[in-house]
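Quick notes on the structure that follows.
Rule-based calculations on the coordinates, nothing more; no lab input. Everything numeric in this text was worked out from a predicted model, so none of it was measured. Neighbour counts are summed over all protein chains in view; Cβ atoms, including those assigned to glycine, are modelled from backbone coordinates with ideal geometry.
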Amino acid sequence: MHCVKSVSLSFLINGEVCGSVKPSRSRGLRHGDRLSPYLFLICAEGLSRLILDAERKKDLAEFRCNRGVSGTECGPDRVKRWQCKLFSTRGKEVLLKAVIQSVPTYSMSLFRLPQAITDLHIISANFWWGSDDEKRKIHWCCWSKLCHSKDDGGMGFRNLSIFNQALLAKQVWRLHHNPLPLAAKVLKQCYFADSSVMNAGSGSSSSYLWRSFMWRKELLEAGTRWRIGSSDSILIYHDRWIPRPSTFKIISLPVLGNEALVRELKFPSGSWNESLIRESFLPDDSEHSLLLFWTPRLTAMEL
């Protein structure tokens, strides 16, 4: 720290600069100083090198620290500390939503958590329906109903299993729509270098993170369809593209061929070939197809 010089401060009194003060180095840098991040990096690098040097000299030895303790085991201990306190119903609701149901959010957004995560539902329900840990509680309503929104008669608690699935599906959606971050580029090179994430598979030697993503990709596929652009390559009979929420697929027989493309149903000007559509599709398919507006500003198909 002898090579670091602190800033000199002046005072503005009645519009005039009067004197200057230079804080002592013993007090360190002031909050917000631009040197702080650089000094932190230097100290962190020095500490890292000292630790590595101590490991080489056998001055430090690694040790395991409670590897067998899981998050679901920590949950009851935390709740027990609350049992001795008197909470209102509103206070219990805030605690459950802000602590018990929020702690595993980061892990749930990256990995498929085991079925033991439902143990947190039991812990939360016991805390919700009583404050005495030694007595049995009367659960006046099942936990699944409490997980409904307040508009539907519930309390808005999270079903952690469903929440885990939703977070993983959202990660797949981000990979599809935002491929620029470094993490997305690494995953693309590893698992779907020559295709899109929607066509990727889990593989036999993939990481647990990727298998977790692929586990809930089908959840994303169930509610998405292709939006047609000006140079699309959507298959008529296999891809999901018509605005029918039940299947999003054509149910007519493939009279145009299994590999027929949607662009074959349009004139060069971009408008639909209505006569061809009505001749090739069932009435329900025809009506849904003709209701669909293609988007000329898109250079390719989009989800």
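Observations, loosely collected:
- For ARG227, the residues whose amide H sits under 5 Å from its own are GLU302, LEU303, ignoring neighbours fewer than 5 places away on the same chain, with H placed 1.01 Å from N.
- Once both labels are positioned 7 Å from their Cα atoms along Cα-to-Cβ, the gap between ALA222 and SER196 label points is 2.1 nm.
- For the residue pairs LYS150/LYS217; LYS97/LYS137; LYS188/LYS249; LYS145/LYS217, the C-alpha atoms sit more than 22 angstrom apart in LYS150/LYS217; LYS188/LYS249; LYS145/LYS217.
- For LYS266, the residues whose modelled amide H falls within less than 5 Å of its own, excluding neighbours fewer than 5 places apart on the same chain, are ASN273.
- Here the residues SER271, SER280, ranked from fewest to most Cβ neighbours within 10 Å of their Cβ, fall in the order SER271, SER280.
- In order along the stretch 156-168, the Karplus-derived 3J(HN,Hα) couplings, from 6.51 cos²θ - 1.76 cosθ + 1.60 at θ = phi - 60°, round to x, 6, 8, 7, 5, 5, 5, 5, 4, 5, 5, 5, 5 Hz, and Gly and Pro are given as x.
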